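Peer 1: Below you'll find the structure I mean.
Coordinate-derived values only; no laboratory data. Just so we're clear, the structure is a prediction, and the values are computed from it rather than from any experiment. Methodologically, a virtual Cβ is constructed for each residue, glycine included, from the backbone with ideal geometry; neighbour enumeration extends over all protein chains shown.
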Amino acid sequence: MSCNDPPQQEPSLYTVKAVLILDNDGDRLYAKYYDDTYPTVKEQKTFEKNIFNKTHRTDSEIALLEGLTVVYKSNIDLFFYVIGSSHENELMLMAVLNCLFDSLSQMLRKNVERRALLENMEGLFLAVDEIVDGGVILESDPQQVVHRVALRGDDVPLTEQTVTQVLQSAKEQIKWSLLR
Amino acid sequence: MIKKFDKKDEESGSGSNPFQHLEKSAVLQEARIFNETPINPRRCLHILTKIIYLLNQGEHFGTTEATEAFFAMTRLFQSNDQTLRRMCYLTIKEMANISEDVIIVTSSLTKDMTGKEDVYRGPAIRALCRITDTTMLQAIERYMKQAIVDKVPSVSSSALVSSLHMVKMSYDVVKRWVNEAQEAASSDNIMVQYHALGLLYHLRKNDRLAVTKMLNKFTKSGLKSPFAYCMLIRIASKLLDETEAGHDSPLFDFIESCLRNKNEMVVYEAASAIVHMPNCTARELAPAVSVLQLFCSSPKAALRYAAVRTLNKVAMKHPSAVTACNLDLENLITDSNRSIATLAITTLLKTGSESSVDRLMKQISSFVSEISDEFKVVVVQAISALCQKYPRKHSVMMNFLSNMLRDDGGFDYKRAIVDCIISIIEENPESKETGLAHLCEFIEDCEHTVLATKILHLLGKEGPRTPQPSKYIRFIFNRVVLESEAVRAAAVSALAKFGAQNDDLCFAFLDDEVRDRATFYMNVLQQKQKALNAAYIFNGLSVSIPGLEKSLHQYTLDPSEKPFDMKSVPLATTPITEQKTEIAPVATSKLPEKLAPSRQDIYQEQLAAVPEFQGLGPLFKSSEPVQLTEAETEYVVRCIKHTFARHMVFQFDCTNTLNDQLLQKLTASPTVSPVPATL
C-alpha cells in the first residue's frame, strides 16, 4: 500500500479499478468495481464513504486514498470518481473520467445533476458499459460513446413517442405489403 | 413571489430519487409484464433499469429469483427497441454469475453479433463472451475471428477486449487468433490499435523473442494511439529491465523519443518509465526531469500531481537532479490540492538546503491534518531522510513527529513515525531521551500490538542505559497491567532487561510491585504447566509479597554493596515469620500470620487468578487457616475457607517439610457431604 514501491508491473490493459458516482450525501448512485480490491458490498460502501469524506470539500481533481489513485470531478450535486492503482498513469484515469463526464453532459444536454441523471439511469449504465469493459478502457472519445449508446431522445413526450411509433408501424406495414 | 414558489418546488423535486424506495420483490413482481404481448418497450426498459439499479446498489438476488427474472428477460429479444435490447445485454452481463442457465441466450447473442445492426454487434460480443466457457468458445471461434478484423471499430474493439478477458480461461483457444489481432493492430482506429497491442502482448509475453520483434515493428511503424504508446513504453521498459540491456539500447532511445510526443499522457509515461529505471545516471534523467518540470506549471491538477509525485521519487535517489525544479516546486507549496502541496514540500525537503527546513516544516504542519494517511507516510519518510542529512535538526523533527504521533491515523502511518523516531534515536544519542519519552507517551494509548511490543523492546534495550532508568519503568509497568498477552510479555521482558543490565542500581529504583508482578506472572505461567502444583507455588509466592515489600524498602533505605538477592527475602522477613522453613525455592516461603490485615486482599487476588473461580464474584470472607496435620510431620496441610455470595471454596495448603523429597499428585477428597465443595 505504500506509494514508494517501484511500479515495475506487468504491462496490461487493465487500468480502471472502479467507476463511482455519488450524490451530495455521499450515497451511491452508481458504482462499478472491476476487480477484487473491495470484494464485499460492505467494504465498497466503507471505501465510498472514505472517498467522499476526503474529497467532497475540496475540488482538487486527484487524490491518493487507501493506496489507490482517485481522480474525481464534481458538478452541482454529483461526484464522479475513477479509481486506479497508484502506479497507474494518472492521465489515463483522467481520460476515462473526462470521457464519462462529457458523454453524460451531452446525453443530459449539459444538465449534469442528480435528478436528470436519475431520470436517465439506463443512459448512464449504457455509457459506462461503452467506456470501460472489465477494467479495460474501451473508448475515450465522448462523441463515439454517445453515438454508440444511441439513446433515442430522452425527453420525447409520450404523445410524440406514440406518433413515432405509429409512423414506425406504418413503415413496417408498407414494407410488408411491398414484400408481398 | 411565484417564481420563488416554483423554485422551491423544483428543489423538493430534485431531492426525490425515483429509485430510492425500490423493493426487490416489487420490482421482480413487475418483471412479469415481460411476458405480456405485445411488449411495451418503454415499461420493460424502465423495469430492467430498476433491476440493474438494485444490483448496482449491492442488493442480493437469490439464484431462483434471478433465474426467473433472467428467463422472463429473454423474451424481450423479440422486441426491436434498440435501447431495450442494449439493456438486455447489460442485464445478461450483470446476472451472468447469479442466474442459472444463462447460456440459453447464446443463439440470440450470436445472431446479434453477426447481424446487420452495428449498434448491437459490439455489446452483443461482450455479453456473449461473458457467458461463454472454454468448450462453447470453440463454437463461436469463427465469429470471434471475423469480429476481431471487422472494419467497424466498436466491433473489433469489443472482440479484442473480450478475447483478452478470456485469455485467463482459455489461453489455448485465444492463442489461435494471433494473426487476426496482428491485422487489427494496423487499424486506423486508435482504440483498436491499443486493444490489439494489449492482446498481442498478453499472448506473447512469455516469448521474449516475439515481444522484441513486436516492439521493433511497432516502434518503427509509429502508432497513432496515445494509449498504445503508453503500453509500448511499459513493455519496452520491462524488457529493458529483464534483459539488463544498457541504456544505449534502441529500446531506451524509443522511450526517450516519447518524451517529445505530442500527447502529455505519453510524455508523462515515458518520463515516469525513465525515472523508475534502476541505475539511471543524472544525465539520462535530465530530459525526463525537465519535462516533469514543465508539467509542474500545468493548469491540470492531475498533471501537476503526476509530475510532482514522480519528481519526489527522483529526489529520493538523485536529489541533485531535481534541484533545478526547486523554483517550480516552491510555487506548488500553496497548491489548493493538498496532495500536490505535500509532495512538493517533501520533495523540497530532500533537495533544499538546511536553512529552508524550518520554513518548510512550518508550512507542512499547517495542513498535515487535512491530507490522507498515504501522504502522511510520505511526509514521515521525508523527515526520516532529512534527519540523516541534517542531524542537527533532530529536535525540530522530533517535535513534529511527536505531534503527528498524537493525531489519528492508521497502522502504516503510525509505524512509519515510530520507525522514524527509532532511527533518529539510533543515530543521535542526544535525542534519545526525548525520543523515548515520546514513544512512552505513545504506548500509553496504542491500539497496535506490534508497535507496542516494538517500543517496549526498544525501551528494554535503551532504557537501562539512560541516566534515569526509573522514568521508563512506570510506563512499562502500566503495560504489564493493562495490555493483551503479547504486550504484557514484551513488557515483562523489558523489565527483565532493566534488571539484568544494572542490577543493584536498578532495583533501588524499581517499584517493588512491578517486580512482584513480573514474578507473579511467571508463576502464573508455571502454574499452567504444572496444574497440580498450582496452589502450592501460588500461595507461596503471593504471601511473600508483603515480606518482599518490606525487605526491599529496607534495602533501599540502607543501600549496601551486596546486590539484592531474591533468595534473601524470606530471610529478611524472619522477624515476622514464626515458622522456620527452608527457603531454597522462593515459592516455598510461608504465610506470615501477623500480616492479617492484607490477608483478605491477597486471597482475593489469588482466587481471581484461578480461571475456574472468576465467575464467583467478590470474596466475602476468608477464615483463619486451620491446621489439619501436626506441625512436625513430613508435610503440613492447612485449610482455609473462602466464602462467596453463592459459593464456598476450600483452599488446601500443602507444604513439604522435607528437602530431599518432592510432593506430587495431590488430590483432595472432601468427605463433608452436605456442602458442595470446589477445589
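Peer 1: Please compare each pair in B:Lys220/B:Lys262; B:Lys389/B:Lys414; B:Lys389/B:Lys461; A:Lys45/A:Lys73 to a cut-off of 24 Å on the Cα-Cα distance and tell me which ones are over it.
Peer 2: B:Lys389/B:Lys461, as the Cα separations exceed 24 Å there.
Peer 1: Sticking with this structure for a sec: Please work out the FRET efficiency for the pair B:His46 and B:Met169, using the Cβ-Cβ distance as r and a Förster radius of 35 Å; give the result to the nearest 0.05.
Peer 2: On the way: r = 35 Å, r/R0 = 0.99.
Calculated transfer efficiency: 0.50.
Peer 1: Hey, another quick one. Extending each Cα 7 Å along its Cβ direction at B:Phe644 and B:Asp407, get the distance between those two points in nm, one decimal.
Peer 2: Inter-label distance under the simple model: 4.9 nm.
Peer 1: Binning at 5 angstrom from zero up to the longest distance, how are the C-alpha pair distances of the stretch B:353-488 distributed in percent?
Peer 2: Taking every Cα pair in the stretch B:353-488, the percentages come to 2, 10, 22, 21, 21, 13, 8, 3, 1, 0.
Peer 1: Enumerate by residue number the trypsin sites (Lys or Arg not before Pro) in the stretch B:308-391 meeting two conditions: DSSP loop (anything except H, G, I, E, B), and at most 11 other Cβ atoms within 10 Å of the site's Cβ.
Peer 2: Filter output for the stretch B:308-391: empty list.
Peer 1: Just the Cα atoms of the stretch B:150-219: what Rg and Dmax do they give in Å?
Peer 2: Cα radius of gyration and Dmax of the stretch B:150-219 are 11.4, 32 Å respectively.
Peer 1: A further question on this structure: With point charges of +1 on the Cβ of Lys and Arg and -1 on the Cβ of Asp and Glu, referenced to the Cα centre of the stretch A:1-119, which listed residue (A:Thr58, A:Leu13, A:Leu93) lies farthest in the positive direction of the dipole?
Peer 2: Farthest towards the positive end: A:Thr58.
Peer 1: Based on Cβ point charges of +1 for Lys and Arg and -1 for Asp and Glu, what charge dipole magnitude is obtained for the stretch A:65-143 about its Cα centre, in debye rounded to the nearest 20?
Peer 2: 340
Peer 1: Evaluate the distance, in nm, between pseudo-label points positioned 7 Å from the Cα of B:Arg75 and of A:Asp141 along their respective Cα→Cβ axes.
Peer 2: 4.1
Peer 1: Dipole magnitude of the stretch A:39-99 about its Cα centre, charges +1 at Lys/Arg Cβ and -1 at Asp/Glu Cβ only, in debye to the nearest 20?
Peer 2: 220
Peer 1: Within a 10 angstrom radius of the beta carbon, how do B:Glu269, B:Glu624 rank from fewest other beta carbons to most?
Peer 2: B:Glu624, B:Glu269
Peer 1: Moving on to the next point. Placing +1 at every Lys and Arg Cβ and -1 at every Asp and Glu Cβ, with all other atoms neutral, what dipole size does the stretch A:16-153 have around its Cα centre, in debye to the nearest 20?
Peer 2: Approximately 340 debye in magnitude.
Peer 1: Could you tell me what a quarter of the Cα convex hull surface of the stretch A:16-153 works out to, in nm² with one decimal place?
Peer 2: 7.5
Peer 1: Please give the FRET efficiency for B:Glu59 paired with B:Ser623, using the beta carbon to beta carbon distance and R0 = 60 Å, rounded to the nearest 0.05.
Peer 2: Efficiency for this residue pair is about 0.35.
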